[in-house]
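Working notes, structure below.
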Amino acid sequence: MVSHALNLWERQFRAAARADDYALFRQHMWRLGLLDKPKLLLEGTIRVVQAIVAYAIVDGQPSDFSLRMQRYNPSLAPDARYAFTLDLCGKAFARILVDAGLRTLDLADLHNHPLDDFQVAGYHRIWVSHPDWSPITAGELQQLEEAVTNDLRSGYSEDELAVSFQPLPDLSCLLVSLHDLPKSEVT
């Protein structure tokens, strides 16, 4: 049943992107200063959504909420409060729409998730924005930093993963940078 729903979602997501000639993804990438290769955003989004659904199943969580939230056109996902754009180590990107509680996303699970299609594991940067690019408030910045930190710390200690936050000057986006730290040798 889940595989059928996931396949149907993927077909609809791809069809919506093609029908729009990838304009929304092209604009999204332009706003972030990324290459004009919207198909990399499409493919990365599909692979990451597949991973999100798989982790939801493993965790005993419903996966249908995750799929309903992921629309090519964010305006068709009325519960979407934020767009998390993951940089899949420069090979592709993924735009994941999440609600105010960030319920559809487990950043710790995805951090080193193998993405064989791109020959990478996980991501190293995240841009967090509103789907309509309206400014992120100071209160939201604080909540987002706390939520992202708590999520990542559920799987990685400060000795394993460094996390930094930088709001863009126009407050349209919060850049989260991750850096895996070398494992210290115990003698």
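Overview of results
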read-out: Qualifying positions in segment 122-151 - without any contact (Cβ under 8 Å) to a residue 24 or more places away in the chain and either of a type in the set (A, V, I, L, M) or open to solvent by less than 70 Å² (accessible area, probe 1.4 Å) (or both); value: A138, G139, E140, T149
read-out: Lone unmet requirement of (1) farther than 17 Å from R153 by Cα; (2) outside any strand (DSSP E or B) for Y123; value: (1)
read-out: Pick from segment 97-120, criterion small (G, A, S) and without any contact (Cβ under 8 Å) to a residue 24 or more places away in the chain, ranking: least open to solvent (accessible area, probe 1.4 Å); value: G101
read-out: Unique match (being over 27 Å from V163 (Cα atoms), assigned to a loop (DSSP other than H, G, I, E, B) and open to solvent by 10 Å² or more (accessible area, probe 1.4 Å)) among G60, G90; value: G60
read-out: Residue list for segment 70-96, filter: more than 19 Å from R18 (Cα to Cα) and of a type outside the set (K, R); value: P78, D79, A80, Y82, A83, F84, T85, L86, D87, L88, C89, G90
read-out: Positions within segment 42-78 being aromatic (F, W, Y) and out of contact with any His (no Cβ under 9 Å at 6 or more places or on another chain), in sequence order; value: F65, Y72
read-out: Verdict on L41 being in a helix (DSSP H, G or I) and at pLDDT 95 or above; value: yes
read-out: Unmet requirement for Y82, which otherwise passes all of (1) more than 15 Å from the chain's Cα centre (by Cα); (2) open to solvent by less than 30 Å² (accessible area, probe 1.4 Å); value: (1)
read-out: Conditions (1) of a type outside the set (D, E); (2) open to solvent by 50 Å² or more (accessible area, probe 1.4 Å); (3) free of Cβ contacts under 8 Å to residues at least 40 places away in the same chain; (4) over 19 Å from V98 (Cβ atoms): number failed by H179; value: (3)
read-out: Qualifying positions in segment 23-53 - surrounded by fewer than 20 Cβ atoms within 10 Å (Cβ to Cβ) and aromatic (F, W, Y); value: W30
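The values are calculated or read from the model by the stated rules, or taken from the named source; none is laboratory data. On a predicted model such as this, the values are computed, not experimentally measured, just so you know. Because the Cβ atoms are built from the backbone with ideal geometry, glycine has one as well, and the counts that use them run over all protein chains shown. Just the protein is used for accessible areas: all its heavy atoms, side chains included, with ligands, DNA and RNA removed. Shrake-Rupley method; radii C 1.70, N 1.55, O 1.52, S 1.80 Å.
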